[in-house]
Amino acid sequence: MYYISKSKLKEALMTKKQYSKKDDALTMTVDEVAEALGVSKYLVWEMVRRNEIRSIKLGKLRRIPRTALTELLEGKKPNS
């Protein structure tokens with residue numbers, strides 16, 4: 001299991017570098033989540049694979065709901 005500090009998660013979720021239409025999206029790509037958290041996309045993929053962060057599949061695309069980041073920050077376990 002990987003450890004990301006709650007303060008780092010909170011900072012990533014609260015900090016907005018620039019406003020764009022993507023900021024209103026209900027889901028984020030793995031790359032966007034990695035950038036927001038300041039970690040590698042490999043780490044985010046591992047968290048998805050290990051069910052440490054909730055994700056959904058839309059066709060061939062994998063997306064992470066913004067609410068999943070909040071759940072991660074609050075220490076909630078994703079539902080299987």
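The values are calculated or read from the model by the stated rules, or taken from the named source; none is laboratory data. None of these values were measured; they are calculated from a predicted model. Because the Cβ atoms are built from the backbone with ideal geometry, glycine has one as well, and the counts that use them run over all protein chains shown.
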Practice problem: Please work out which one of (1) at pLDDT 85 or above; (2) out of contact with any Pro (no Cβ under 8 Å at 6 or more places or on another chain); (3) surrounded by 11 or more Cβ atoms within 10 Å (Cβ to Cβ) is the condition residue 71 fails and give its number. | Solution: (2)
Exercise. Could you check residue 9 against (1) among the hydrophobic types (A, V, I, L, M, F, W, C); (2) in a helix (DSSP H, G or I); (3) at pLDDT 85 or above and say which number it fails?
Key: (3)
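Any chance you could count how many residues in the stretch 34-80 are within 11 Å of the chain's Cα centre (by Cα) and part of a strand (DSSP E or B)?
3
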Self-check item: Per-region count, the stretch 33-80, residues of a type in the set (Val, Ile, Thr) and within 18 Å of residue 7 (Cα to Cα)
Solution: 6
Practice problem: Quickly run through the stretch 39-80 and pick out the residues that are touching a helix residue (DSSP H, G or I) at 6+ places or on another chain (Cβ under 8 Å), in contact (Cβ under 8 Å) with a residue 24 or more places away in the chain and over 20 Å from residue 26 (Cβ atoms). | Solution: 43, 52, 75
